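First comes the structure, then the notes that go with it.
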Amino acid sequence: MRVVAAFLWAVAGAVWALEEGSVASPFDQHFPPLHPNCTQSLTDLLLLRQEGQLNESVGVLKEILSEIKGSLTRIATPTEAPCPGNFASISGTCLYLAKDVSVNWEAARVFCQNMGGDLAVLRDGSALARAIGYAKSFGLSRTANIWLGGRDHIVEGEWRWVTGEDMPRGTPFWGIYDSKRQPSGGRGENCAILFGPDDFLIHDAPCGWTCMPLCQVKRT
């Protein structure tokens, strides 16, 4: 009887000790809690890993969207219509040099209009370079001159294309003649030509001269 009582007192004492925190639980003995700093480091590591995976996924998604956009652009871009008749496609522009025709400016414009276009309008340096290259491809002599769709017949010195737009001035459009920058002919020279002797840069000339028309037409 005394032995049983002693055993019961020992068990009760152990229980009281556990309740008051004097003895650690078996779980705590074998699996102590993580230090707060260790817990934070583990959390940061997991967050960094998730961020890296997210960035990688975003990069892949951007590549896929870029490919889709490029494909849609290629599909949506219509095929460029060919130039009509004898017109040549010169870097996206339809030009025709009537090298066997020699007429004044007014007749040259009518000639081009009868072909569905008008005398050529060269709005920038690239267009001028293309037109000159096209003209030179025929092996023209340096004495040849070519009509353009520009003149200052309404107000002297106000050069305009047949479209009503202002013609560009200065280099690299207008050439030099007799040490003078063109246009320099005054009221007697109101029509624009590609002047053969000056490597086909633009000059002003009398509208009654007979030159070759350079026609331009929109793509249909």
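Which one of these does Ala127 not meet: (1) touching a residue at least 40 places away in the same chain (Cβ under 8 Å); (2) buried (at least 17 other Cβ atoms within 10 Å of the Cβ)?
Failed condition: (1).
Restricting attention to the stretch 172-220, which residues are basic (Lys, Arg) and more than 18 Å from Ala108 (Cα to Cα)?
Matches in the stretch 172-220: Lys180, Arg181, Arg187, Arg219.
Kindly indicate whether any position in the stretch 129-147 is of a type in the set (S, T, N, Q), in contact with a Phe, Trp or Tyr (Cβ under 9 Å, 6 or more places away or on another chain) and modelled with pLDDT of 95 or more. Spell out the reasoning first.
First, the residues of the stretch 129-147 that are of a type in the set (S, T, N, Q): 137, 141, 143, 145.
Remaining after also requiring in contact with a Phe, Trp or Tyr (Cβ under 9 Å, 6 or more places away or on another chain): 145.
Going one step further and asking which of them are modelled with pLDDT of 95 or more, we end up with 145.
Checking the stretch 129-147: at least one residue is of a type in the set (S, T, N, Q), in contact with a Phe, Trp or Tyr (Cβ under 9 Å, 6 or more places away or on another chain) and modelled with pLDDT of 95 or more.
Let's see how each residue does on (1) touching a helix residue (DSSP H, G or I) at 6+ places or on another chain (Cβ under 7 Å); (2) among the aliphatic types (A, V, I, L, M); (3) crowded, with 22+ Cβ neighbours inside 10 Å; (4) not in a strand (DSSP E or B):
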residue	(1), (2), (3), (4)
Thr143	yes, no, no, yes
Ile146	yes, yes, yes, no
Ile154	no, yes, no, yes
Pro168	no, no, no, yes
Pro172	yes, no, no, yes
Arg187	no, no, no, yes
Ile202	no, yes, yes, no
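What number of residues within the stretch 174-185 are exposed (fewer than 13 other Cβ atoms within 10 Å of the Cβ), part of a loop (DSSP other than H, G, I, E, B) and of a type outside the set (S, T, N, Q)? Walk me through it before giving the result.
Restricting attention to the stretch 174-185, the residues satisfying the condition of being exposed (fewer than 13 other Cβ atoms within 10 Å of the Cβ) are 178-181.
Checking the rest, the ones that are also part of a loop (DSSP other than H, G, I, E, B) come to 178-179.
Checking the rest, the ones that are also of a type outside the set (S, T, N, Q) come to 178.
Qualifying residue count, the stretch 174-185: 1.
Taking Ser126 and the conditions (1) part of a loop (DSSP other than H, G, I, E, B); (2) within 34 Å of the chain's Cα centre (by Cα), which numbered condition does it fall short on, given that it satisfies the others?
(1)
Any idea which residue in the stretch 189-200 is surrounded by the fewest Cβ atoms within 10 Å (Cβ to Cβ), counting only those that are more than 33 Å from the chain's Cα centre (by Cα) and free of Cβ contacts under 8 Å to residues at least 60 places away in the same chain?
Filtering the stretch 189-200 down to residues more than 33 Å from the chain's Cα centre (by Cα) leaves 189-191, 195-198.
From the residues that got through so far, the ones that are free of Cβ contacts under 8 Å to residues at least 60 places away in the same chain too are 189-190, 195-198.
Numbers: Glu189: 19, Asn190: 20, Phe195: 23, Gly196: 20, Pro197: 14, Asp198: 16.
In this case the residue turns out to be Pro197.
The values are calculated or read from the model by the stated rules, or taken from the named source; none is laboratory data. In this text the structure is predicted, and so the values were computed from the model without any measurement. For neighbour counting, all protein chains shown are included, and Cβ atoms are generated from backbone atoms with ideal geometry for every residue, glycine included.
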